[in-house]
1. Do you know which residues across the stretch 127-168 are over 20 Å from Asp77 (Cβ atoms) and in contact (Cβ under 8 Å) with a residue 60 or more places away in the chain?
2. If a residue has to be within 15 Å of Leu72 (Cβ to Cβ), at pLDDT 90 or above and assigned to a loop (DSSP other than H, G, I, E, B) to count, how many in the stretch 10-40 make the cut?
3. Which of the residues belonging to the stretch 45-70 are part of a helix (DSSP H, G or I) and under 18 Å from the mean Cα position of the chain (by Cα)?
4. Of the conditions (1) in a helix (DSSP H, G or I); (2) modelled with pLDDT under 90; (3) in contact with a helix residue (DSSP H, G or I) (Cβ under 7 Å, 6 or more places away or on another chain), His102 fails just one. Which one is it?
5. Among Pro157, Pro121, which is the only one that is modelled with pLDDT of 85 or more and surrounded by fewer than 12 Cβ atoms within 10 Å (Cβ to Cβ)?
6. Return yes when Arg148 is at pLDDT 90 or above, assigned to a helix (DSSP H, G or I) and surrounded by 13 or more Cβ atoms within 10 Å (Cβ to Cβ) and no when it is not.
7. Being at pLDDT below 90, under 19 Å from Trp28 (Cβ atoms) and surrounded by fewer than 17 Cβ atoms within 10 Å (Cβ to Cβ) narrows it down to one residue among Ser195, Ser183; which is it?
8. Would it be correct to say that Arg156 is out of contact with any helix residue (DSSP H, G or I) (no Cβ under 9 Å at 6 or more places or on another chain) and either of a type outside the set (Val, Ile, Thr) or under 15 Å from His109 (Cβ atoms) (or both)?
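The values are calculated or read from the model by the stated rules, or taken from the named source; none is laboratory data. Please read all numbers here as calculations on a predicted model, not as lab measurements. Every residue, glycine among them, receives a Cβ derived from its backbone with ideal geometry; neighbour counts consider all protein chains shown.
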Amino acid sequence: MTRRTETHANTRLSADPAEWTAGNVQKWVLWTEHLYKLPPMGEAFQELDGKDLCALTEADFRQVSLHAGDILYAHLDIWKSASRMQESSSPSDSWSDEADSHAPGQTTHLWQFLLELLLHPHSYGRCIRWLNKETGIFKIEDSAHVARLWGLRKNRPAMNYDKLSRSIRQYYKKGIIRKPVASQRLVYQFVNPVSLREEDLKSHS
């Protein structure tokens, strides 16, 4: 099966958001709103096809909804990462391309920061590492060091892992990061929209 014919099992959308029609974009927005209980935003995207949607910045999404636009943007960003991973013979290259696509000066979110550390194992492999890159599962090996690095990035000297872990748990509700089915301490998973199971949708209905 080629990448162009692969579809999301629940939404029947192409795995590559850039290939979506305007109708597909609406379907994705409505599906994500339902799954994560977001306010209605579909009207703002009704004239856009997939290429137009992928060209929007996080600031554009936040103009649509101050409180939920960043969540929708994060889901699209992760969806694009998953698509690149599918089409690439080297998962490392696909994740790296996506992570490097964030423009300088943009606000770095915690989930982006964790991915950034994971993509540089020679520098940070002792404190955070992939357990299964294809499914987005990773483990924080040195929680104090990761928290310290995040504090330096955000200029928050008092940052510790208790505060960091609370921020990570906030992503559970947003569907950006979750605990894997076989849960272990300090093991997390980036939600891969292409591999979401049908029961995930039912559990949020």
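1. None; the set is empty.
2. The qualifying residues number 1.
3. Gly50, Leu53, Cys54, Ala55, Glu58, Ala59, Asp60, Phe61, Arg62, Gly69, Asp70
4. (1)
5. Testing whether each residue is modelled with pLDDT of 85 or more and surrounded by fewer than 12 Cβ atoms within 10 Å (Cβ to Cβ) leaves just Pro157.
6. For Arg148, the condition - at pLDDT 90 or above, assigned to a helix (DSSP H, G or I) and surrounded by 13 or more Cβ atoms within 10 Å (Cβ to Cβ) - is met.
7. Ser195
8. no
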